[in-house]
1. Extension gain Ile84-Arg106, at 0.36 nm per residue separation less the Cα-Cα distance, in nm?
2. What's the FRET efficiency of Ala91 with Asp28 using the Cβ-Cβ distance as r and R₀ = 41 Å, to the nearest 0.05?
3. With 10 Å bins from zero, work out the P(r) of segment 42-105 over every alpha carbon pair and list the percent per bin.
4. How far, in nm, would the chain grow between Arg134 and Leu186 when pulled straight, counting 0.36 nm per residue and subtracting the alpha carbon separation?
5. Where Rh denotes the Kirkwood radius from the mean inverse Cα pair distance, what is Rg over Rh for segment 1-128?
6. Please report how far the C-alpha centroid of segment 130-153 lies from that of segment 59-128, rounded to the nearest whole angstrom.
7. Can you give the angle from 0 to 90° between the axis of helix 22-41 and the longest principal axis of the chain, with both taken from C-alpha atoms, to the nearest 10?
8. Roughly what angle does helix 133-162 make with the longest principal axis of the chain, taking Cα atoms, 0 to 90 degrees, to the nearest 10?
Amino acid sequence: MPSRSPLPPSPPPVEIRTWPDRDALLSDRGVVLGELVKMFIGPGRLGILWMWSGVAALGWSLMGSAFLMFEDAYDTLGVIPGVIFLAVGAAVLIPAAFLVAVGVARDLRIHRLLVEWGGLDRDPERDALLRRPRASVAWLLLSFMLCATGLFGCVAVPGAARAGQETYGLVAWLMGLGFLAWLTGLTGLVKAFAHRRWVLRVLGVTPPEPLITVDV
């Protein structure tokens, strides 16, 4: 999930700050926070996360095909296609997993910068624009569905294997896909909750009233 956009620096220490007045500080703070929020919770970031996770799933699928070929091989020649698929799958999976890890590390740096710049001051009018409720809900719902699907796959597939309905190679393949889906969904959930916590604790923005209320 890496991005070419460079990250802004941390805000300068109090003793060397050169803003002429509070309005200038709030203006710079608003610009930086707007860019950081876009980098952290923007809809495009969700697409990038899913894209690289999908590439990783493709690599694991190739490796899963190799496992099935090994099970069906009757001689040494029958193993060769499996070795090729295994090598190609690893060549796809490893770089994709590395890029996802790089993206997660970058998200941690972005969140740290959000906390630092958000803690400089309060600006309720500009800060209300940083809530991004629709993006947060999209991250939350889509990530939850993916996480639940992956977790179900990790639980259901071993049960089918114990019932004798699946081979070991197929179980490893399906459980690997389920684990990748669960991990991707979990990453999205953590980001959605981290953004919500940042809005409430750092910005101090009061959440809106619910659209539907239930009288007890």
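The values are calculated or read from the model by the stated rules, or taken from the named source; none is laboratory data. In this text the structure is predicted, and so the values were computed from the model without any measurement. Here the Cβ is made from the backbone with ideal geometry for all residues, glycine too, and neighbour counts use every protein chain on show. Heads up: the accessible areas ignore ligands, DNA and RNA and are worked out on the full protein's heavy atoms, side chains in. Shrake-Rupley method; radii C 1.70, N 1.55, O 1.52, S 1.80 Å.
1. Going from the current span to full extension adds 4.6 nm.
2. Efficiency computed from Cβ-Cβ geometry: 0.40.
3. 24, 38, 22, 12, 4, 0
4. Stretched out fully, the Arg134 to Leu186 stretch lengthens by 16.8 nm.
5. With Rh from the inverse mean 1/r over Cα pairs, Rg/Rh is 1.29.
6. Their Cα centres are 18 Å away from one another.
7. 10
8. The angle comes out at about 20 degrees.
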